[in-house]
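The next block holds one structure in the form of structure tokens; read it before the comments.
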Amino acid sequence: MPTITKSNINYDKRDLSDKVLLRLYYNMLRPRLIEEKMLILLRQGKISKWFSGIGQEAISIGVTMALKPSEYILPMHRNLGVFTTREIPLHRLFCQWQGKASGFTKGRDRSFHFGTQDYNIVGMISHLGPQLGVADGIALANLLKKNAQVTAVFTGEGGTSEGDFHEALNVAAVWQLPVIFCIENNGYGLSTPTNEQYRCKHLADRGKGYGIESFILDGNNVIETYTKVKKLAESIRKRPRPILIEFKTFRRRGHEEASGTKYVPKELMDEWEAKDPIENFRSYLFSKKILNQEIDEQYISEIKSEIDSSLESAYAEEEIVPNESKELKDVYKEFEYQDIKPNKKTHELRLVDAISEGLKQSMEKHKDLVIMGQDIAEYGGVFKITEGFVNQFGKERVRNTPICESAIVEVSMGLSIAGMKAVMEMQFSDFVTSGFNPIVNYLAKSHYRWQQQADVVVRMPCGGGVGAGPFHSQTNEAWFTKTPGLKVVYPAFPYDAKGLLATAINDPNPVMFFEHKALYRSIRQNVPTDYYTLPFGKASKVKEGEDISIITYGAGVHWAIESLDANSQISADLIDLRTLQPLDKESIINSVKKTGKVLILNEDSLFGGIASDISALIMEECFEFLDAPVKRLASMETPIPFAVQLEDQYLAKSKLEGVLKALVAY
Ligand SMILES: Cc1ncc(C[n+]2csc(CCOP(=O)(O)OP(=O)(O)O)c2C)c(N)n1
Ligand SMILES: [Mg+2]
């Protein structure tokens with residue numbers, strides 16, 4: 001019998017059939033009973049962590065049942081009901097939580113940190129906010145495909161304080177993306193109550209500021225959540241646009257089980273316990289004679305036995321046996337490089353033109369490729385790389401963005417989840433800091449975590465020697481070479497840039513593509529006119545010599561050419577790495593073994609840079625072949641300054657000739 005005899009929630013079933021009402025009930029009951037079981041297992045020390053959604057089930061169930069199974073949902077840590085309503089077998093969920101191989105992340109990530117394309121669910125990363133921008137990306141793909149699909153994404157009220165929330169809502173509004181933003185306002189973010197989280201009366205009020213329709217719903221009333229979301233989804237499918245919904249609800253347990261609820265006043269707990277979404281709905285269904293004791297008991301015993309048998313089979317699964325090569329293999333999606341040879345006909349291009357031509361030819365080749373960036377459409381980008389693209393490809397595929405690097409990285413991820421390709425232009429590589437989180441946490445880790453590729457290229461106009469000061473001159477490749485999951489490309493010549501960009505776009509993995517601004521208009525080369533590719537992980541030998549190896553990339557290559565031209569007595573191997581991740585270790589090692597002396601030159605400051613790693617590699621692999629200590633040369637350990645005399649002094653170029661001569665003479 002219902003523990004609440006008369007419902008405290010006002011239900012209005014309208015024209016809903018008994019079947020749908022019972023389904024809503026059954027679907028809420030399942031996550032509740034799973035959770036009750038988890039709490040027991042937690043007390044027995046059989047699972048490590050649990051984020052409870054008890055009391056919030058009506059939101060997950062209402063939203064999930066309102067959407068079509070083909071439509072993506074991006075849940076958070078309290079949305080077990082999304083996973084169960086999409087009918088993921090409990091066995092697999094339990095394996096995921098126990099870190100078993102047949103979970104969704106093969107033991108690589110915990111709890112709800114996974115997605116599954118089989119069920120059109122994209123799980124969260126810990127950082128909360130990025131989900132919202134990823135939903136924008138999926139919604140953008142749907143908008144472009146004109147497939148009348150809605151995307152729903154969740155956030156807690158705490159997560160709305162993150163910049164990602166603002167950026168995602170703004171982008172969705174500007175682009176009129178078919179996405180439903182669902183805020184579960186449950187009163188607390190960890191221990192922080194709402195009055196320490198935000199100042200407005202209702203979070204839904206923020207919708208107006210973004211030009212987004214918004215609604216406040218009783219998150220504990222499953223009929224209200226289901227019928228309203230269903231109606232909105234139907235409307236969005238016909239007329240794509242974003243909607244913001246604030247669901248009022250309450251977090252009835254601790255942030256996670258171990259952290260308790262001491263800071264929550266008892267009256268609040270009691271008040272919300274009386275508004276329990278399942279107990280009240282049960283009582284309502286009983287009162288309407290839609291549910292009776294017999295059916296209720298049958299539901300409960302059916303679900304309990306499903307839980308017990310699934311748990312048993314999950315426990316029976318073998319523990320993961322660590323295997324290094326298996327782990328390493330999954331960091332990147334397998335990519336079979338297709339070598340497309342360059343045609344004979346060439347024309348002389350500057351670096352900037354070669355990148356533009358390469359990008360244009362990739363846009364022609366990949367109809368599902370979208371490029372995004374600030375001022376890249378009619379204006380052609382600040383370096384004019386996308387000049388004329390809008391006329392050829394249209395504004396849908398060549399997209400000006402608001403100033404929101406984080407959201408656009410997330411949108412790129414979302415496009416990839418929906419099977420498209422994205423190239424994002426950072427206006428200056430320095431600004432990548434504003435999109436750093438989704439690059440290193442979402443893009444880089446997705447394939448390893450749940451085999452989801454991030455088919456994204458981030459173009460990074462970088463580098464000094466342009467008198468632009470600390471925020472328009474950095475060369476920050478080392479921030480990314482140390483993050484497994486990213487590929488890092490850094491061409492020094494027009495020919496390489498064009499072919500490597502084509503490969504970067506073909507490669508389904510996230511690629512950081514560095515383009516040196518000082519080389520854009522100063523370096524020219526004859527470049528094949530047609531589309532061609534070049535492989536990653538293959539350095540090029542710019543000069544062949546005997547006395548010394550110079551290993552470098554980007555502008556360093558041109559500094560070295562200049563120094564060697566001025567010192568024809570020095571016979572050097574000059575190796576241009578071209579890609580830093582993957583790194584052509586073989587070319588480095590072979591060259592050093594031949595010459596016995598090595599200078600590694602990087603434009604960035606020294607500590608923690610590429611040169612240091614390559615130096616260590618050479619010590620490990622070539623120690624007996626060395627005739628002199630390995631020499632690293634990098635720019636000064638200061639930010640890069642503006643005034644030309646200071647910048648000249650800062651850049652490693654000023655010291656190169658001296659260091660080179662000294663090393664040859666050693
Ligand atoms: C960027 C970031 N900051 C802090 C945290 C730690 N953290 C995880 S969940 C959480 C509270 C989230 O509150 P809310 O968005 O309201 O969701 P709720 O847990 O209440 O459902 C915090 C502070 C985190 N995971 N990521
Ligand atoms: Mg909260």
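The values are calculated or read from the model by the stated rules, or taken from the named source; none is laboratory data. Values in this document were obtained by computation on a predicted structure and should not be read as measured data. Reconstructed Cβ throughout: ideal geometry from the backbone, glycine too, with neighbour counts over all protein chains shown. Areas reflect the complete protein model, heavy atoms only, side chains present, ligands, DNA and RNA absent. Shrake-Rupley method; radii C 1.70, N 1.55, O 1.52, S 1.80 Å.
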Notebook entry, point to check: So which of 158, 129, 137, 163 is of a type in the set (Gly, Ala, Ser), within 16 Å of ligand 2 (Cβ to nearest atom), more than 26 Å from residue 47 (Cβ to Cβ) and in contact with a Gly (Cβ under 8 Å, 6 or more places away or on another chain)?
Noted result: 129
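Residues are listed down the side, and each one gets a yes or a no for (1) of a type in the set (D, E, K, R); (2) free of Cβ contacts under 8 Å to residues at least 60 places away in the same chain:
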position: 363; (1), (2): no, yes
position: 394; (1), (2): no, yes
position: 400; (1), (2): no, yes
position: 405; (1), (2): yes, yes
position: 409; (1), (2): no, no
position: 437; (1), (2): no, no
position: 442; (1), (2): no, no
Margin query: Within the range 428-452, take every residue that is among the aromatic types (Phe, Trp, Tyr) and assigned to a helix (DSSP H, G or I) and give me the one that is nearest to the chain's Cα centre (by Cα).
Written below: 442
Checklist line | Evaluation of residue 640 against (1) over 37 Å from the mean Cα position of the chain (by Cα); (2) more than 29 Å from residue 332 (Cβ to Cβ) (one fails), failing number | finding: (1)
Item checked: In the range 166-185, residue farthest from residue 77 (Cα to Cα) [restricted to those that are out of contact with any Pro (no Cβ under 8 Å at 6 or more places or on another chain) and away from ligand 2 (no atom under 16 Å from the Cβ)] -> 175
Check: Taking the range 37-69 only, how many residues are under 30 Å from residue 235 (Cα atoms) and polar (S, T, N, Q)?
Finding: 3
Check: Among the residues of the range 216-227, is there at least one that is of a type in the set (A, V, I, L, M, F, W, C), more than 16 Å from ligand 1 (Cβ to nearest atom) and without any contact (Cβ under 8 Å) to a residue 60 or more places away in the chain?
Finding: yes
Check: Checking residue 121 against (1) touching a residue at least 60 places away in the same chain (Cβ under 8 Å); (2) open to solvent by less than 20 Å² (accessible area, probe 1.4 Å); (3) under 19 Å from residue 180 (Cα atoms); (4) more than 16 Å from ligand 1 (Cβ to nearest atom), which test does it fail?
Finding: (1)
Notebook entry, point to check: What are the residues in the range 124-142 that are open to solvent by 10 Å² or more (accessible area, probe 1.4 Å) and touching a strand residue (DSSP E or B) at 6+ places or on another chain (Cβ under 7 Å), if any?
Noted result: 128, 142
Check: Out of curiosity, is residue 557 in contact (Cβ under 8 Å) with a residue 24 or more places away in the chain and part of a strand (DSSP E or B)?
Finding: no
Next item on the list: Could you list, in sequence order, all residues of the range 30-64 that are more than 17 Å from residue 259 (Cα to Cα), hydrophobic (A, V, I, L, M, F, W, C) and surrounded by 20 or more Cβ atoms within 10 Å (Cβ to Cβ)?
Entry: 34, 58, 59, 61, 63
Next item on the list: Filter the range 143-155 down to residues that are buried (at least 24 other Cβ atoms within 10 Å of the Cβ) and within 20 Å of residue 69 (Cβ to Cβ) and give me whichever is nearest to ligand 2 (Cβ to nearest atom).
Entry: 154
Check: Given 46, 13, which one is at pLDDT 95 or above and either polar (S, T, N, Q) or out of contact with any Cys (no Cβ under 9 Å at 6 or more places or on another chain) (or both)?
Finding: 13
Checklist line | Answer residue from the range 560-582, given it is assigned to a loop (DSSP other than H, G, I, E, B) and touching a residue at least 60 places away in the same chain (Cβ under 8 Å) and is nearest to residue 648 (Cα to Cα) among those | finding: 567
Check: What are the pairs, 6+ residues apart or on separate chains, where a residue within the range 80-94 that is within 11 Å of residue 104 (Cβ to Cβ) has its Cβ under 6 Å from a residue that is surrounded by fewer than 24 Cβ atoms within 10 Å (Cβ to Cβ) and of a type in the set (Ser, Thr, Tyr)?
Finding: 88/119
Note to self: Between a residue in the range 475-490 that is part of a helix (DSSP H, G or I) and any residue that is surrounded by fewer than 24 Cβ atoms within 10 Å (Cβ to Cβ) and among the basic types (Lys, Arg), which pairs come within a Cβ distance under 6 Å, given they are 6 or more apart or on different chains?
What the structure shows: none
Next item on the list: Scan the range 186-211 residue by residue and report those that are more than 11 Å from ligand 2 (Cβ to nearest atom), open to solvent by 50 Å² or more (accessible area, probe 1.4 Å) and farther than 22 Å from residue 221 by Cα.
Entry: 195, 196, 199, 206, 208, 209, 211
Next item on the list: Could you grab the pairs with beta carbons closer than 9 Å, sequence gap of 6+ or different chains, first residue in the range 161-187 and of a type in the set (Ser, Thr, Tyr), second one assigned to a strand (DSSP E or B)?
Entry: 161/189
Notebook entry, point to check: Applying the selection to the range 476-510, what residues are open to solvent by 20 Å² or more (accessible area, probe 1.4 Å) and in contact with an Asp or Glu (Cβ under 9 Å, 6 or more places away or on another chain)?
Noted result: 481, 482, 487, 493
Notebook entry, point to check: Residues in the range 553-575: is at least one more than 22 Å from residue 657 (Cα to Cα) and out of contact with any Pro (no Cβ under 7 Å at 6 or more places or on another chain)?
Noted result: no
Check: So which residues in the range 434-475 are open to solvent by 10 Å² or more (accessible area, probe 1.4 Å) and among the aliphatic types (A, V, I, L, M), if there are any at all?
Finding: 440, 466, 468
